[in-house]
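**Q** Let me begin by handing over the structure; questions about it come next.
The values are calculated or read from the model by the stated rules, or taken from the named source; none is laboratory data. Bear in mind that the values here come from a model prediction, so they are computed numbers and not experimental data. Heads up, the Cβs are rebuilt from the backbone with ideal geometry, glycines too, and the neighbour counts pull from every protein chain shown. For accessibility, only protein heavy atoms count, side chains too; no ligands or nucleic acids. Shrake-Rupley method; radii C 1.70, N 1.55, O 1.52, S 1.80 Å.
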Amino acid sequence: MIPLPQTKIHKVQPLVEAFIRESHCSDRTTAQHCLEKLAQGYLTKSMDAYVDDVEAPRKIIVFGRYPSLPFKEDLIVVNFIYSVEEDRLKPETLAAFKEILEKYPQVHQADAMLASSWVYKNSRGIDAFWRHLGFERQEIIYVKRLKEVNHG
């Protein structure tokens, strides 16, 4: 996987839109919002995105770098990971994600990596993917939405 230049963020819009559809979260976000947040992450140097092909991406992973508050660890957070459905079970897809998930924390000298298996309105999580890569379940997250946000 290769770094996505900030000038090419718009190229991942179809992947973000597909993720939103599959995750049943169109009531909570839009592709435009996600791309704006990614652009902000680039500006603050707190996020990086990697894709398989800059001009026509089929795979994307977005990392965030943050200090951990409760632990003495520099933390990498997998903010977003997605592959087009027809590529998901291909060995080269797993290999590409595995390679970047190993290299990125080394480059940034991180101590830990946090990733989630998004399950919302019965969407399909990716627990098996994370376990296959050596991640272990450590916490359960709860969300209470305090107000509706207009994403239209």
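**Q** Being open to solvent by 70 Å² or more (accessible area, probe 1.4 Å), out of contact with any helix residue (DSSP H, G or I) (no Cβ under 7 Å at 6 or more places or on another chain) and not acidic (Asp, Glu) is the filter here, so list the residues in segment 11-37 that pass it.
**A** Hits for segment 11-37 are Pro14, Arg21, His24, Gln32, Lys37.
Per-residue answers, yes or no, for (1) modelled with pLDDT of 85 or more; (2) open to solvent by less than 50 Å² (accessible area, probe 1.4 Å); (3) aliphatic (A, V, I, L, M); (4) closer than 19 Å to Ala49 by Cβ:
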residue	(1), (2), (3), (4)
Pro91	yes, no, no, no
Leu101	yes, yes, yes, yes
Pro105	yes, yes, no, yes
Glu136	yes, no, no, no
Glu139	no, no, no, no
Lys144	no, no, no, no
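**Q** Can you find, within segment 92-119, the residue that is nearest to Glu136 (Cα to Cα) among those that are part of a helix (DSSP H, G or I) and of a type in the set (Ser, Thr, Tyr)?
**A** Once the filter is applied, the top-ranked residue is Tyr104.
**Q** Can you tell me which of (1) under 22 Å from His33 (Cβ atoms); (2) among the small types (Gly, Ala, Ser); (3) in contact (Cβ under 8 Å) with a residue 24 or more places away in the chain is the one Gly64 doesn't meet?
**A** Every listed condition holds for Gly64 apart from (3).
**Q** Can you spot a residue in segment 49-70 that is of a type in the set (S, T, N, Q) and over 21 Å from Glu102 (Cα atoms)?
**A** The answer is no; no qualifying residue exists.
**Q** Evaluate segment 121-131: report whether one residue or more is modelled with pLDDT of 85 or more, under 13 Å from the mean Cα position of the chain (by Cα) and open to solvent by 40 Å² or more (accessible area, probe 1.4 Å).
**A** No: zero hits.
The rows are residues; the columns are (1) open to solvent by 30 Å² or more (accessible area, probe 1.4 Å); (2) in contact with a His (Cβ under 8 Å, 6 or more places away or on another chain); (3) of a type outside the set (Lys, Arg).
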site: Asp74; (1), (2), (3): yes, yes, yes
site: Asp87; (1), (2), (3): no, no, yes
site: Ala95; (1), (2), (3): yes, no, yes
site: Ala112; (1), (2), (3): no, no, yes
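**Q** Same structure, new question: All but one of (1) among the polar types (S, T, N, Q); (2) open to solvent by 30 Å² or more (accessible area, probe 1.4 Å); (3) closer than 30 Å to Gln32 by Cβ hold for Ser83; state the number of the condition that does not hold.
**A** (2)
**Q** Among the numbered criteria (1) among the aliphatic types (A, V, I, L, M); (2) open to solvent by 40 Å² or more (accessible area, probe 1.4 Å); (3) at pLDDT 90 or above, which single criterion is violated by Leu69?
**A** (3)
**Q** Now, a different point. Kindly indicate the residue of segment 10-43 that is β-branched (Val, Ile, Thr) and within 14 Å of the chain's Cα centre (by Cα) and also farthest from Asp87 (Cα to Cα) among those meeting that condition.
**A** Ile20
**Q** Restricting the search to segment 38-53, which residues are in contact with a Lys or Arg (Cβ under 7 Å, 6 or more places away or on another chain) and loosely packed, with under 15 Cβ neighbours inside 10 Å?
**A** Across segment 38-53, the qualifying residue is only Ser46.
**Q** Determine, yes or no, whether Arg28 is basic (Lys, Arg) and touching a residue at least 60 places away in the same chain (Cβ under 8 Å).
**A** Here the answer is yes, as Arg28 does meet what is asked.
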